[in-house]
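Participant: Below you will find the structure I want to go over with you.
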Amino acid sequence: MSYSNRGRPTATRDLQCARADMDDFGYCLLEGALCPDQLIAIRARLFEQKEAEEQLGVEYHGKDKKQLIKFLLNKGKVFRDLLLHPALHELLRHVLGTTYQLSSYHAHFAHPGSEVAFHTDQFWMPPPVGSTNTALVKPGSITRADHRGRRLGDGEAPSSSAIAPAFVCNAMWMLDDFSEENGATIIVPGSHLSGQQPDPTIDANADWVSATGPAGTVAIFEGRVWHSTGINRSDRPRIGLTTNFCAPQFRQQENFMLGTSPEVLAEASEELLALIGFKPWQGYGGYEGHYDRVKRGEYALGELTPK
């Protein structure tokens with residue numbers, strides 16, 4: 001795997017530098033994306049929500065010792081405001097183009113002993129094929145568990161002559177100082193150009209680096225880059241927020257059309273409504289009578305009979 005001769009990304013406020021880092025390495029770090037007041041407000045709301053969900057017994061714990069607070073869109077204005085961060089959208093447009101949508105929005109608590117799980121955020125992308133080749137896997141047959149590594153099951157290795165573009169872009173907002181010790185996100189710089197999925201065995205010793213930074217930094221990485229939560233060797237959870245975005249022709253991870261509360265929709269701006277999927281794109285996502293923006297509770301025509 002070859003990389004640019006430039007040094008690895010470091011936190012910057014220079015968007016031109018951040019865009020170059022994204023092109024060369026598949027990720028960038030934006031310094032001071034959250035101010036101290038934002039950090040205080042976000043952490044206060046997040047811990048309040050976490051405690052309430054734990055009291056109700058509805059909290060989510062993964063097998064990898066990560067705890068998630070899901071669907072943050074519904075859980076506080078401080079979270080929704082973050083989605084409209086100008087610098088974030090500069091990078092999203094650079095990776096995904098002019099139109100994209102929010103796919104999921106979670107808080108991640110990486111508890112001590114958290115495990116690595118190498119992956120990309122577009123594991124579902126079939127490897128490209130030439131005009132005379134048969135697809136190695138059909139799009140509807142891909143699973144998260146099986147589409148890992150250099151080969152697909154017992155089949156061929158994907159061609160390295162052509163790779164898919166990025167269809168996903170993710171942002172990890174650091175609510176704590178992220179360090180190697182507390183399990184900062186690990187990334188293989190340049191892996192976005194490999195055309196491959198990381199293998200949990202073969203690639204354990206790849207050129208993994210930790211995306212570290214003080215609280216308030218945001219790490220933005222595109223969907224093809226190899227990454228994982230790092231191993232938390234500290235004595236406390238490491239906390240971040242993930243805002244995952246995808247191109248408009250793909251299914252979102254979270255169903256915002258159904259799950260977003262009426263109260264949130266009532267006060268949402270047109271910009272936010274478009275971002276969560278209420279604005280059809282190129283004829284997709286609309287329905288009869290609602291091709292510019294869809295509304296919950298309004299339906300296409302049903303059976304009719306003439307008078």
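Participant: In this structure, is P189 modelled with pLDDT of 95 or more, out of contact with any Lys or Arg (no Cβ under 7 Å at 6 or more places or on another chain) and either of a type outside the set (S, T, N, Q) or surrounded by fewer than 21 Cβ atoms within 10 Å (Cβ to Cβ) (or both)?
Facilitator: The answer is no for P189.
Participant: Sticking with this one: Going through the stretch 222-251 one residue at a time, which ones are farther than 24 Å from K50 by Cα and either in a helix (DSSP H, G or I) or of a type in the set (S, T, N, Q) (or both)?
Facilitator: Matches in the stretch 222-251: Q249 only.
Participant: Quick one: count up the residues across the stretch 272-307 that are touching a Phe, Trp or Tyr at 6+ places or on another chain (Cβ under 8 Å), surrounded by 10 or more Cβ atoms within 10 Å (Cβ to Cβ), among the aliphatic types (A, V, I, L, M) and free of Cβ contacts under 8 Å to residues at least 24 places away in the same chain.
Facilitator: Count: 0.
Participant: Of the numbered conditions (1) farther than 20 Å from T120 by Cβ; (2) surrounded by fewer than 20 Cβ atoms within 10 Å (Cβ to Cβ); (3) touching a strand residue (DSSP E or B) at 6+ places or on another chain (Cβ under 9 Å); (4) not β-branched (V, I, T), Q38 fails exactly one; give the number of that condition.
Facilitator: Of (1) farther than 20 Å from T120 by Cβ; (2) surrounded by fewer than 20 Cβ atoms within 10 Å (Cβ to Cβ); (3) touching a strand residue (DSSP E or B) at 6+ places or on another chain (Cβ under 9 Å); (4) not β-branched (V, I, T), only one is false for Q38: (3).
Participant: Consider A300 against the criteria (1) farther than 18 Å from Y105 by Cβ; (2) in a loop (DSSP other than H, G, I, E, B); (3) modelled with pLDDT of 95 or more: it satisfies all of them except one. Which criterion is unmet?
Facilitator: Unmet condition: (3).
Participant: Would you point out which residue out of R45, R8, R13, R19 is without any contact (Cβ under 8 Å) to a residue 40 or more places away in the chain and in contact with a strand residue (DSSP E or B) (Cβ under 8 Å, 6 or more places away or on another chain)?
Facilitator: The match here is R13.
Participant: Taking the stretch 41-67 as the region of interest, how many residues are surrounded by fewer than 17 Cβ atoms within 10 Å (Cβ to Cβ) and in a strand (DSSP E or B)?
Facilitator: Counting residues in the stretch 41-67 that are surrounded by fewer than 17 Cβ atoms within 10 Å (Cβ to Cβ) and in a strand (DSSP E or B) gives 2.
Participant: Going through the stretch 257-277 one residue at a time, which ones are assigned to a loop (DSSP other than H, G, I, E, B) and either in contact with an Asp or Glu (Cβ under 6 Å, 6 or more places away or on another chain) or within 20 Å of H85 (Cβ to Cβ) (or both)?
Facilitator: Listed by number, the residues that qualify are T260, A268, S269, I276, G277.
Participant: So S114 clears everything in (1) surrounded by 15 or more Cβ atoms within 10 Å (Cβ to Cβ); (2) under 18 Å from the mean Cα position of the chain (by Cα) except one condition, right? Which one?
Facilitator: Answer for S114: the failing condition is (2).
Participant: Looking at (1) closer than 24 Å to Q122 by Cβ; (2) out of contact with any Lys or Arg (no Cβ under 8 Å at 6 or more places or on another chain), can you tell me which one P198 breaks?
Facilitator: All conditions pass for P198, except number (2).
Participant: Let me ask something additional. Given (1) among the basic types (K, R); (2) over 19 Å from V168 (Cα atoms); (3) in contact with a Ser or Thr (Cβ under 9 Å, 6 or more places away or on another chain), identify the lone condition not met by R251.
Facilitator: (2)
The values are calculated or read from the model by the stated rules, or taken from the named source; none is laboratory data. None of the values given here were measured: they were computed from a predicted structure. FYI the Cβ positions are ideal-geometry reconstructions off the backbone, even for glycines, and counts take in every protein chain you see.
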